[in-house]
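Nothing in this text is a laboratory measurement; each read-out follows from the coordinates by a stated rule. Because the structure is predicted, anything quoted here is derived from the model rather than measured. Reconstructed Cβ throughout: ideal geometry from the backbone, glycine too, with neighbour counts over all protein chains shown.
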Amino acid sequence: MRILLLLIITCVVSLPAQTIYSQRIKGMRINGMGDAKFPVVLLDSLPVTISFDVDGTKPENFRVKIFHCDKDWNITRSSFINDEFRNFSKNQIPFEEAAVGVGTYRWTHMLRIPGGGDKTGMNDFEKLQYSGNYKFEVWSDDQNELVAEGKFFAAEKVENSALTIYNRYLPSETSPQNQVHKAMLSFSVPSPQLNDASAIYSTSIKIVDVYRNREIEFPHRIDADDRNPNTFIDGYGTNNLKFVIDNLQPGNEYRRLDAQSVDLYSLAEVLRKKDGADLSRWMFQGHGDQNGISTLVTGNRYADYIQLQFELGRPEENRNEKIYVVGDFNGWKVDEQWRLHYDEATMHYKLLALLRRGTYDYQYVLNGNDWITLEGNDWRTVNVYTALLYYHDPRFGGFDRILLAAQAKSPGGMEANSQ
């Protein structure tokens, strides 16, 4: 059985990947253990690591709350799923003091979920009871101040071989936008056991979300109930399912910023990229990247934050455009705080940002949703794709589980390998 779906590709609206509310919190990183460090965990292993830096003369105690959410990031309204006693940490988040000489922060806090391997032995979340989307909040010890929040995913199974990525020509578009990726996720529904209350039924498996690298603000959805011409489901209602999504633009390899070297990037007040202002890469292929990962300097006095200026040259007639920079430093989200502003003197777009010294992938986004015009689009770009398979479980009033998380890299190359 094959169901064709007929709407254009849209991105699912969701809460920000990470948000910092307190000025004394200097950064937040949310990393999993798979490719691109995508923040997905198994229920009792393969943890996600949440870390952030804090400025202050003495260490503070922070605690974390986690909330199970549905596929659209609405908190699951069931006390069986979201038990506040179980979902609020009783122990403080472990911390370490920064190296002598670091000036912009004093403490780094780090929590692993699930945390059975946490070296302090104080992690409350040694196992997650249910798979699905999870929102977390970081609170002051007295629970009077919310300082940060973010999100991660918990899956019941991780399987690389279930996802395949293809290069495909899109006849309706012109070069380079006619070069697209097609993703196919395969899944076999397990046979139910006798009197098994948690049995899985194929008719309730309707949705797959597909992510590129670490861009968790922008899932692409395959949904049996929509009418998307770029998605379809083979075998819907049977025990052998194939979820397919077409017209995923590969984009370009990300731009790279390597600010590890103190010789190249000193402790001056404002640092500028040594190779000058960035330019549009519409028809130019970039160099290899880290699939969106950031790598920070640690353990010495240079593991500090620096002020770095992003700068993009554009023709003068485009001066009213809205241009944003995205990267691991802001959770790959388009945010007004990360919008570049036009400088009359240089006729460039600029933004001064506070970044912890390290290496970063980043790119520019035009007018909030155009990831291609400034950066280009090319099959040679190698991306990590992550597909999450949802199941709506009718128990406890109904909640969304993630049965499978699958990852695969795009093939690269310059030729189509799929119709």
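Couple of notes before you dig in:
- Local net charge near GLU137, Cβ-Cβ under 11 Å (Lys/Arg +1, Asp/Glu -1): +2
- Whole-number D in µm² s⁻¹ for segment 219-355, Kirkwood Cα-pair radius fed into Stokes-Einstein, 25 °C, 0.890 mPa s: 133
- In Å, descending, principal axis extents of the Cα set of segment 368-419: 49, 30, 19
- Over the Cα atoms of segment 18-155, the radius of gyration divided by the Kirkwood radius equals 0.96; this is the Rg/Rh ratio.
- Violating pairs (Cα-Cα greater than 31 angstrom) within the set LYS26/LYS65; LYS58/LYS274; LYS182/LYS273; LYS37/LYS273: LYS58/LYS274; LYS182/LYS273
- As computed over the chain, the Cα convex hull volume per residue (Å³): 153
- With a simple spin-label model that places each label point 7 Å from the Cα along the Cα-to-Cβ direction, the separation between GLU84 and GLN419 comes to 5.8 nm.
- Dipole magnitude of segment 255-366, debye to nearest 20 (Cβ charges: Lys/Arg +1, Asp/Glu -1, about Cα centre): 180
- Mean residue ellipticity (222 nm) of the chain, computed from DSSP H runs ≥ 4 via -39,500 (n - 2.57), nearest 500: 0 deg cm²/dmol
- Footprinting exposure proxy for THR76, THR104, THR386, THR57 (fewest neighbouring C-beta atoms within 10 Å first): THR57, THR104, THR76, THR386
- Counting every other Cβ atom within 10 Å of each residue's Cβ, ARG256, ARG401 order from fewest to most as ARG256, ARG401.
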